[in-house]
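See structure below.
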Amino acid sequence: MPDNEYAILVKDETSTYQPPVLVKDGTATDQPPTLLKDGLSTDQPPTLVKDGTSTDLPPLIKLRHWQSWLMMALNIFFLLAGQAAAILLGRSYYEHDGNSKWMATLVQTAAFPILLIPYFLFASSHEPSSVSHPPALKTVSLVYFVLGVLLAGDNMLYSVGLLYLSASTYSLICATQLAFNAIFSFIINHQKFTALILNSVVVLSLSASLLGVNDDSDGPSGVSNSKYILGFLCTLGASALYSLLLSLMQLSFHKVLKKETYSVVLEMQIYTSAVATCVSVVGLFASGEWRTLHGEMNGYGTGKVSYVMTLVWTAMAWQVCSVGVVGLIFVVSSLFSNVISTLSLALTPIAAVIVFHDKMNGVKVIALLMALWGFTSYIYQNYLDDLKEKKAQADVNGAPNGSSCQ
């Protein structure tokens with residue numbers, strides 16, 4: 001699954017003390033406490049408030065300017081490399097006679113314990129363990145269970161899509177998740193739907209449509225047109241379901257968990273991945289595919305060791321991608337994390353041409369250019385929103401103390 005992982009945006013942070021003080025470009029304009037912008041701070045540990053809940057920042061965010069750039073570059077590398085490698089390894093599994101869709105689904109979340117490393121290093125011991133009115137355990141468990149089941153279903157759709165599509169076509173269709181994200185964010189999270197966002201949605205939709213009606217299907221060898229269409233529909237449905245999942249997660253943070261700290265986002269990812277892994281294991285045994293795994297390993301095109309290592313490294317790559325996603329959310333912003341994830345999906349076809357010698361015909365080139373156009377429209381709109389937000393902060397900075405937020 002393109003992992004984009006769990007794009008949660010923290011906005012409108014205000015201090016619990018009076019008067020509030022703003023931070024701009026990492027420099028406090030007055031004494032602490034401070035208000036953070038873009039997750040950067042150079043003074044003492046500040047406190048953020050979201051929906052009335054105070055949350056101390058983990059050390060990952062309390063970085064100097066050069067350190068923040070280094071961490072941003074490192075997390076971009078994790079996201080780009082992890083997502084591209086996971087897609088290419090997933091396609092390689094099918095290319096060399098791997099056939100289990102449930103196994104391909106399982107490896108997308110099975111390595112979730114890796115996330116415990118950043119959880120214990122950067123988060124859990126530095127953030128408060130409770131809020132003023134913590135949600136009931138039954139409620140939180142239900143949220144994690146429902147989201148985990150949806151995640152497992154989404155991973156299965158992606159597995160079917162990758163089985164019947166080339167890696168380049170699959171990645172281009174997955175890039176439509178940005179359009180679906182805009183639609184569901186408007187419906188569920190009440191975010192703005194501007195002309196540029198509408199342009200992005202339309203262009204990305206047309207890009208996917210071009211691939212859907214392409215006569216030269218460019219599917220893997222032995223894949224019929226009907227299976228190509230099935231792969232196309234499953235991948236498109238998976239992109240829509242993944243975007244819905246992100247919006248539901250954001251809604252859960254606002255309405256149920258009521259805070260969005262580094263550890264809480266990691267907990268969401270760990271617990272939902274654990275549920276998705278359990279569902280995938282049940283599906284593997286219920287479908288009877290587990291009986292074919294031994295023969296599949298013996299008949300794997302590049303040998304038994306290669307079979308095991310392909311699955312292991314695919315699982316590892318997805319979790320490396322997840323670390324990059326969560327890291328970018330808190331070093332920069334959730335929007336930036338989403339955009340880099342979509343950019344990776346648009347660029348993966350180039351890697352697929354190099355690795356698998358996928359055909360890059362005229363239709364796919366046009367689809368790629370349209371995907372980049374839609375991506376550019378989306379990010380430019382959010383660049384304008386960021387300028388507006390900075391101007392509002394500057395106005396607050398210049399306002400007299402008596403007119404500050406109460």
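Values for this structure:
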item	result
Test: residue in region 302-311 that is surrounded by fewer than 18 Cβ atoms within 10 Å (Cβ to Cβ), in a helix (DSSP H, G or I) and touching a residue at least 40 places away in the same chain (Cβ under 8 Å)	yes
Hey, Leu178 open to solvent by 40 Å² or more (accessible area, probe 1.4 Å) and out of contact with any Gly (no Cβ under 6 Å at 6 or more places or on another chain) or not	no
Any hit, region 271-279, residues being at pLDDT below 85, crowded, with 17+ Cβ neighbours inside 10 Å and in a helix (DSSP H, G or I)	no
Close pairs (7 angstrom Cβ cut-off, 6 or more residues apart or separate chains): closer than 14 Å to Phe232 by Cα and among the polar types (S, T, N, Q) in region 139-162, in a helix (DSSP H, G or I) and open to solvent by 10 Å² or more (accessible area, probe 1.4 Å) anywhere	Ser159/Lys101; Ser159/Ala104
Selected residue (criterion: surrounded by the most Cβ atoms within 10 Å (Cβ to Cβ)) from residues of region 354-384 that are in contact (Cβ under 8 Å) with a residue 60 or more places away in the chain and over 18 Å from Val203 (Cβ atoms)	Asp358
Checking Tyr93 against (1) within 18 Å of Thr348 (Cα to Cα); (2) more than 21 Å from the chain's Cα centre (by Cα); (3) open to solvent by 10 Å² or more (accessible area, probe 1.4 Å); (4) of a type outside the set (Lys, Arg), the condition it does not meet	(3)
Residues located in region 66-90, provided they are among the polar types (S, T, N, Q) and surrounded by 21 or more Cβ atoms within 10 Å (Cβ to Cβ)	Ser68, Asn75, Gln83
Filter result for the condition that a residue is open to solvent by 60 Å² or more (accessible area, probe 1.4 Å) and modelled with pLDDT under 50, over Thr53, Thr47, Thr42	Thr42
Residue in region 256-263 that is under 13 Å from the mean Cα position of the chain (by Cα) and in a helix (DSSP H, G or I) present	no
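Yes/no per residue for (1) out of contact with any Cys (no Cβ under 6 Å at 6 or more places or on another chain); (2) at pLDDT 80 or above; (3) closer than 19 Å to Thr194 by Cα; (4) of a type in the set (S, T, N, Q):
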residue	(1), (2), (3), (4)
Val326	yes, no, no, no
Thr342	yes, no, no, yes
Ala352	yes, yes, no, no
Leu387	yes, yes, yes, no
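The values are calculated or read from the model by the stated rules, or taken from the named source; none is laboratory data. What you see is a predicted model, and the numbers here were worked out from it, not measured in a lab. Cβ atoms come from the backbone with ideal geometry, glycine included; neighbour counts cover every protein chain shown. All accessible areas refer to the heavy atoms of the entire protein, side chains included, with ligands and DNA or RNA removed. Shrake-Rupley method; radii C 1.70, N 1.55, O 1.52, S 1.80 Å.
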